[in-house]
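Read the structure below first, then the notes.
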Amino acid sequence: MPAITDSHCHLDFPDFDEARAEVVARALRAGVHRMVTICTKLENAGRVRTIAEDHPPVYWAAGTHPMSAAEVPLATVEELVALARHPKFVAIGETGLDYHYTAETKEVQQRSLRIHIQAARETGLPLIIHARDADDDIARILEEEHAKGTYSCVMHCFSSSAKLAQRALDLGFYLSMSGIAAFRKSTELRQIFAAAPRDRLLVETDSPYLAPPPHRGKRNEPAYTIHTASVGAEAVGMTYDDFAALTEANFERLFSKVVA
């Protein structure tokens with residue numbers, strides 16, 4: 001299989017504790033030659049960093065997930081900038097807004113998001129955005145902050161509206177395709193990806209969640225990136241090999257520290 005990258009997974013989660021090395025090995029055998037594992041609470045940064053250090057194909061990022069923003073101390077720009085000095089630390093986040101279950105904490109989520117954006121500006125690293133049921137506020141804040149000073153960004157596990165996709169693309173941001181895009185009923189979502197500029201597309205698993213067919217309902221893992229990429233290739237009218245090469249180039253352009 002041609003090389004491809006899982007741009008967003010959570011290898012520190014307990015789901016992988018029993019066989020983390022084998023999960024990474026299976027990814028490599030499937031052609032997934034790089035993985036970015038995401039720390040969602042800064043208190044776990046040391047554990048996530050160690051996973052990246054122990055596995056050459058694994059890189060890492062860190063931030064405060066919006067659903068945790070009210071439960072943990074707010075990250076500071078200084079903390080995030082310090083983490084970014086690690087040679088395998090390649091992005092800021094994930095951060096963002098999630099009003100599906102935690103709308104009552106939206107004010108602290110918005111403060112946290114702006115802190116992460118400032119850290120992305122200062123480090124020059126891309127921002128990883130989680131957005132759920134918060135389209136208007138996320139677009140407004142991303143636009144307001146971008147007007148203050150540019151930064152790069154990926155809308156991770158994108159499954160929101162075409163309007164939010166366009167507003168993100170207008171800022172020069174990227175859209176990342178997860179297993180959701182491979183679900184049979186996700187026709188409209190695939191159309192959003194098909195309409196986007198090809199040089200703004202990434203693929204990910206968000207594992208251990210959202211396994212694509214034929215593994216839907218089971219634990220997801222980085223090796224399954226190839227199934228989402230296969231659906232993505234079909235959606236944009238490309239061969240798998242060409243789509244893999246495209247998303248590789250896109251990943252290296254956005255996550256430029258990986259190849260620096």
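The values are calculated or read from the model by the stated rules, or taken from the named source; none is laboratory data. All values derive from a computational prediction rather than experimental measurement. Glycine gets a Cβ as well: all are built from the backbone with ideal geometry, and neighbour counts include every protein chain shown. All accessible areas refer to the heavy atoms of the entire protein, side chains included, with ligands and DNA or RNA removed. Shrake-Rupley method; radii C 1.70, N 1.55, O 1.52, S 1.80 Å.
Points to keep in mind about this one:
- Simple rule: put +1 on each Lys or Arg Cβ and -1 on each Asp or Glu Cβ in region 30-78, find the dipole, and look at A45, G31, A70; the Cα lying farthest toward the positive end is G31.
- Highest-fluctuation residue, N250, N220, N44 considered, GNM on the chain with Cα pairs under 10 Å: N44
- Relative contact order (%) - criterion: Cα under 8 Å, at least six apart; region: region 1-72: 33
- Heavy-atom accessible surface of the chain: percent carbon and sulfur, 1.4 Å: 50
- Residues in region 66-76 carry Karplus couplings, in order, of x, 6, 9, 4, 8, 9, 10, x, 4, 5, 10 Hz; the curve used is 6.51 cos²θ - 1.76 cosθ + 1.60 with θ = phi - 60°, and Gly or Pro positions show x.
- Within a Gaussian network of the chain (alpha carbon springs, distance under 10 Å), most fluctuating of V72, V24, V231: V72
- Under Karplus coefficients 6.51, -1.76 and 1.60, residue-wise ³J(HN,Hα) of region 210-221 in Hz, glycine/proline x: 6, 4, x, x, x, 10, 4, x, 10, 5, 7, 7
- Sorting M1, M67 by solvent-accessible area of protein heavy atoms yields M1, M67, largest first, with a 1.4 Å probe.
- Zone of R29's modelled label, taken as backbone nitrogen in region 209-249 under 18 Å from a point 7 Å along Cα→Cβ: 214-215, 219-227
- Less than 5 angstrom separates the built amide H of L11 from those of I38, all sequence-distant by 5 or more or on a different chain.
- Cβ-based net charge around V23, under 12 Å, with every Lys or Arg adding one and every Asp or Glu removing one: -3
- Measuring against 29 Å, Cα to Cα, the residue pairs K148/K257; K185/K218; K41/K185; K88/K163; K106/K148 contain K41/K185; K88/K163 as the ones spanning a longer distance.
- Based on Cα contacts under 8 Å between residues 6+ apart, the chain shows a relative contact order of 20 percent.
- Residues of region 142-260: accessible area per residue with a 1.4 Å probe, Å²: 43
- The charge dipole of the chain, taken about the Cα centre with unit charges on the Cβ atoms of Lys, Arg (+1) and Asp, Glu (-1), comes to about 340 debye, rounded to the nearest 20.
- Cβ-defined net charge surrounding A82, 13 Å radius [Lys, Arg +1; Asp, Glu -1]: -1
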